[in-house]
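Okay, so here's the structure we're looking at.
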Amino acid sequence: MPAHDDAGEFIDSDFQATQRSSYTAPSGAAAGPNRPPTREEIEALVSEKQIKLAELKRAQEELERERAGLEELRRRQMEFQTGREEMRQCLARGIGLLEEAELSARRDAEQMARTLTEFRDALAKVQAINEQAWRQDNFSMELTRASTTIENARMEWNAARLKFPLLSNGGAAPETVKPEINPLATADFMQLCKMGMAFNWPLVLLGLAIFLALLLRR
């Protein structure tokens with residue numbers, strides 16, 4: 001193959017331009033654009049390409065870091081938007097529920113305050129009844145008045161019991177239901193055997209009767 005064909009496999013246009021502008025052929029060497037590159041020229045080109053590759057690699061790594069930073073920023077932004085919408089809905093719903101509960105609790109508190117006042121008035125009237133001061137001439141009237149006071153207090157009490165369930169059991173906690181104990185769990189082996197015989201003796205008798213019937217047929 002001619003020499004100029006081999007030279008095309010090693011050099012490019014940049015190299016040819018550099019060769020034409022700056023290379024000075026040594027004495028005794030062949031001059032011209034089609035001469036093959038020297039070892040020093042090839043090593044210089046290799047070093048130059050390696051430097052360019054290193055620069056491109058650094059640029060790629062920098063772009064990768066920027067891309068990762070943008071991805072993290074996008075993820076945080078999405079979390080922020082999702083969290084803001086979630087908390088907006090939760091807080092709005094919570095405010096509505098708490099406002100309703102607060103209004104109901106305020107009504108209950110006001111009703112309880114009125115009931116307390118009525119209880120105190122009724123208690124004062126009941127305690128003000130003094131049987132020792134009754135006389136024979138006004139005994140019937142005082143008894144009627146005292147009975148009316150007691151009946152009014154009872155009406156107040158019964159009405160309050162409907163409004164406040166804790167008055168029905170005197171504020172005591174409801175009784176707990178004791179779990180039933182399985183007698184088989186506490187029985188020993190002999191007791192279990194006796195219970196098994198008691199439960200299975202009809203089957204034993206039936207089996208014995210069948211055995212005797214078959215024996216008699218023979």
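The values are calculated or read from the model by the stated rules, or taken from the named source; none is laboratory data. On a predicted model such as this, the values are computed, not experimentally measured, just so you know. Here the Cβ positions follow ideal geometry from the backbone for every residue, glycine too, while neighbour counts run over all protein chains shown.
Observations, loosely collected:
- Residue among 149, 144, 117 that is within 53 Å of the chain's Cα centre (by Cα) and of a type in the set (S, T, N, Q): 117
- Within the stretch 16-68, tally of residues that are polar (S, T, N, Q), at pLDDT 85 or above and not in a helix (DSSP H, G or I): 1
- Verdict on residue 140 being assigned to a helix (DSSP H, G or I), loosely packed, with under 11 Cβ neighbours inside 10 Å, among the polar types (S, T, N, Q) and at pLDDT 85 or above: yes
- The single condition from (1) among the small types (Gly, Ala, Ser); (2) surrounded by 13 or more Cβ atoms within 10 Å (Cβ to Cβ); (3) without any contact (Cβ under 8 Å) to a residue 24 or more places away in the chain that residue 153 fails is (3).
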